[in-house]
Ligand SMILES: Nc1ncnc2c1ncn2[C@@H]1O[C@H](COP(=O)(O)OP(=O)(O)O)[C@@H](O)[C@H]1O
Ligand SMILES: [Mg+2]
């Protein structure tokens, strides 16, 4: 799995924190890791972006960002309003392929959800995954509303013939409500793929050393971790 594309059911679902956990687990397993943020929006040139946040939490990863636009909008819109060249799926795929020649694992984080547009032609992260023939990891929220957005995302990936690697819950509440608990059984059902992890709420606020030590415990063996979906479900949703 040299390239893994990381998308989400929306924005603020925990893609960046999940990317950091996947990176930390791969590093702990002795693999070299690069993180590519295709297009970063909503940060100024001097502010840390998502790739920098991954490096802060996970440690020694190569970071890359193809473009940065100041307004917190979809990349295509942000590029247009800034009068700047957009990022095209082909650019992202080429950058990821190049990084994959020098790293064991390349994580490509999108912006927002799967069909958020990069360019005026309607190019998306799904096109990037198609160009790379790379598996896609879907980060989902835990509670009410996630079944619909997760199933829509899974269906779109399947309709494009893409490989859906699994679903990770970006932030698992300390006191999960009924919907969250039921979703542990329903998310694999509606997506057709296993849960590959759940990050505890508050994970992003851990000190880097604590984050790195704990990350493998939040992710399944497919992602270099030790997390057991069935044991988690039994414990959290008795
Ligand atoms: N498990 C978590 N623990 C703590 N904070 C989290 C967790 N997941 C997400 N967050 C916080 O929620 C916000 C959105 O998370 P982020 O990973 O940046 O989402 P996305 O990349 O999907 O937009 C950030 O402020 C992040 O710190
Ligand atoms: Mg992010």
* In square nanometres, what is one fourth of the surface area of the convex hull spanned by the alpha carbons of segment 26-99? -> 5.2
* To do: Using a/c under 1.5 as the rounded threshold, could you call segment 151-225 rounded, prolate or oblate? The axes a ≥ b ≥ c are square roots of the C-alpha gyration tensor eigenvalues, and prolate needs a/b larger than b/c, oblate otherwise.
  => oblate
* **Mean Cβ neighbour count within 10 Å, used as a protection proxy, ranking 160-172, 16-28, 69-81, 178-190 highest first** => 16-28, 160-172, 69-81, 178-190
* Under the rule of -39500 (n - 2.57) per DSSP H run of 4 or more residues, summed and divided by the residues of the chain, what mean residue ellipticity at 222 nm is obtained, to the nearest 500 deg cm²/dmol? -> -12000 deg cm²/dmol
* Structure fact -> In vacuo Debye sum over C-alpha of segment 46-148, base-10 log of normalised intensity I(q)/I(0) at q = 0.12, 0.21 Å⁻¹, listed in q order, is -0.45, -1.28
* **segment 90-225 shape via C-alpha gyration tensor axes, a/c threshold 1.5** => oblate
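Which value results when the Cα radius of gyration for segment 193-238 is divided by 2.2 N^0.38 Å?
Ratio of Cα Rg to 2.2 N^0.38 Å: 1.18.
Using Cβ contacts closer than 10 Å as the measure, can you line up 232, 118 from fewest to most?
Least crowded to most crowded, the residues run 232, 118.
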* Using mean Cβ contacts within 10 Å as the protection proxy, how do 40-50, 208-218 order, highest first? -> 208-218, 40-50
* To do: Work out how much length residue 46 to residue 81 would gain on full extension: take 0.36 nm times their residue separation and subtract the Cα-Cα distance, in nm to one decimal.
  => 10.6 nm
* Does the chain come out rounded, prolate or oblate by the C-alpha gyration tensor, with a ≥ b ≥ c the root eigenvalues, rounded set by a/c under 1.5 and, if not, prolate when a/b is larger than b/c and oblate if not? -> prolate
* Asked: In Å and whole numbers, how far do the C-alpha atoms of segment 101-153 stretch along each principal axis, longest first?
  -> 41, 31, 16
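The numbers here are math on the coordinates, done by the rules we state, and not lab data. All figures in this text were calculated on a predicted structure; none of them were measured in a lab. Cβ coordinates were reconstructed from backbone atoms using ideal geometry, including for glycine residues, and neighbour counts include every protein chain displayed.
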